[in-house]
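Following: one structure in structure tokens, then a few remarks.
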Amino acid sequence: MLPSHLNGHSPLARRRPRLSAASPPAAAAGESPAAGAGATSTADSLEEHDRIYFQSYSHIGIHEAMIKDRVRTDAYHSAIMHHQKFIEGKVVLDVGCGTGILSVFCARAGAKRVYAVEASEIATQACEIVKANNLSDKVVVIHGRVEDVDLEEKVDVIISEWMGYMLLYESMLPSVLFARDKWLKPGGLILPSHATLFMAPITNPERYEGSVDFWCDVYGIDMSALVPLAKKFTSEEPSIETIGGENVISWPSVVKHIDCYNFTVEEFKCITAKYKVSSMMLAPIHGFGFWFEVEFNGPQESSHNIPSNLNPLEIIQKKRRRSSEDTVLLSTAPEDEPTHWQQTILYLPDPIEVKQDQTVEGSVTVSQSKENPRFLNIHLECSTGGHTLVKDCAMR
């Protein structure tokens, strides 16, 4: 796995394709490539980013973490069996199949044929796994990007585990949308079908004390000169860690609800949402937490859409009603069983004290990085009790 960060918390431990030292540096502000070379340079840069990204998925550790996540894997298996009538005797496309586990699930559920597309070198092992399970007559492993492959036919079902940290990190969703537009038959099934990104202010005094206040007294030595550096280090980029429901101090707000049957690549590039929540307790806000959930619905089924204009209490009530319905749901919320995605936390340099019922409001913008479209830029604005802050950070 990749190096740890902040008390053993890895910011992007599961899915962090790092730019290598050999990668071409981004042009400084005001600079431009040589005349006539712009398109080629951009294309070469994107190709290099993709090469590094797919190379990271050749590491078995990433696949081990994903498959051992029973919440994730069981949800996908349950969804496949729930929709078996749409899969049996049909053609399935698995976008980013990895080891091929979802393709095998679909084949065992009765799929006539499964195209398992994987751009990383793990495709070699996926092919061997298919053979070892006597499914070579049903599962066709294709080594390449889904944008580049040619299939022999249109498909009835698209399945993909495309979600990254904070739902959108890695920008794999556009590949699923590409496959939908090019290969999915009208009325076809997409799994998962819907996704919702949530956010809420959080309090985490133990984490703050361990990373920042720790330096005030180190074995009886005053090292408080390091506190400003600790604050900067703690808050300069998102942290991936597990928090509990007790750390969340308000009902969550919806950042974005995605319907995979209709969502577009253009919408993905920049997402902005306003939020307005009330603190449920007297506590310091140490940052903002982000998590997501996905649903596995058919195209004609209710999407259980959660509009962003609902107040936070209505959102939770709707979520609780939905959990009792006949819907397969995969949640990474703090109050639910932990997953390898954990939660994404944007820590503030200094905590903000809030009282019970105090309003916390502002906006958040999540956009694809121009440096590398698989990275995310996050712009957060917050106002409460006379305090106003603006925070910018990147998930790289």
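The values are calculated or read from the model by the stated rules, or taken from the named source; none is laboratory data. Worth saying up front: this structure is predicted, and the values here are computed from it rather than measured. Cβ atoms come from the backbone with ideal geometry, glycine included; neighbour counts cover every protein chain shown. Areas reflect the complete protein model, heavy atoms only, side chains present, ligands, DNA and RNA absent. Shrake-Rupley method; radii C 1.70, N 1.55, O 1.52, S 1.80 Å.
Numbers below:
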| read-out | value |
| --- | --- |
| Set GLY164, GLY210: member being within 15 Å of the chain's Cα centre (by Cα) and closer than 28 Å to ALA333 by Cβ | GLY164 |
| Pick from region 363-380, criterion closer than 18 Å to SER253 by Cα and surrounded by 20 or more Cβ atoms within 10 Å (Cβ to Cβ), ranking: farthest from the chain's Cα centre (by Cα) | LEU380 |
| Selection count, region 119-133, where residues are without any contact (Cβ under 8 Å) to a residue 40 or more places away in the chain and within 24 Å of the chain's Cα centre (by Cα) | 2 |
| Residue that is farthest from VAL354 (Cα to Cα), among those in region 183-231 that are among the charged types (D, E, K, R) and surrounded by 13 or more Cβ atoms within 10 Å (Cβ to Cβ) | LYS185 |
| Residue that is nearest to TYR76 (Cα to Cα) [pool: residues in region 108-123 that are assigned to a loop (DSSP other than H, G, I, E, B) and open to solvent by less than 40 Å² (accessible area, probe 1.4 Å)] | ALA109 |
| Filter pass, THR365 being more than 17 Å from THR272 (Cα to Cα), in a strand (DSSP E or B) and of a type in the set (S, T, N, Q) | no |
| Near pairs, Cβ below 8 angstrom, 6+ apart or cross-chain, from region 244-270 (touching a residue at least 12 places away in the same chain (Cβ under 8 Å) and in a helix (DSSP H, G or I)) to any residue that is among the aromatic types (Phe, Trp, Tyr) and surrounded by fewer than 19 Cβ atoms within 10 Å (Cβ to Cβ) | VAL265/PHE178 |
| Residue check for ARG180: in contact (Cβ under 8 Å) with a residue 12 or more places away in the chain, basic (Lys, Arg), more than 30 Å from THR359 (Cα to Cα) and open to solvent by less than 80 Å² (accessible area, probe 1.4 Å) | yes |
| Some residue of region 179-200 being of a type outside the set (Val, Ile, Thr) and farther than 30 Å from ILE87 by Cβ | yes |
| Residue in region 235-252 that is at pLDDT 95 or above, within 30 Å of GLY188 (Cβ to Cβ), open to solvent by 10 Å² or more (accessible area, probe 1.4 Å) and in contact with a strand residue (DSSP E or B) (Cβ under 6 Å, 6 or more places away or on another chain) present | no |
| Region 381-396, residues that are under 16 Å from ILE249 (Cβ atoms) and open to solvent by 50 Å² or more (accessible area, probe 1.4 Å) | GLY385, HIS387 |
| Some residue of region 73-86 being outside any helix (DSSP H, G or I), buried (at least 17 other Cβ atoms within 10 Å of the Cβ) and modelled with pLDDT under 95 | no |
| Condition check for SER58: out of contact with any Leu (no Cβ under 8 Å at 6 or more places or on another chain), assigned to a loop (DSSP other than H, G, I, E, B) and open to solvent by 40 Å² or more (accessible area, probe 1.4 Å) | yes |
| Test: residue in region 216-225 that is modelled with pLDDT of 95 or more and within 29 Å of VAL294 (Cα to Cα) | no |
| Residue within region 96-107 that is within 19 Å of the chain's Cα centre (by Cα), part of a helix (DSSP H, G or I) and surrounded by 17 or more Cβ atoms within 10 Å (Cβ to Cβ) present | yes |
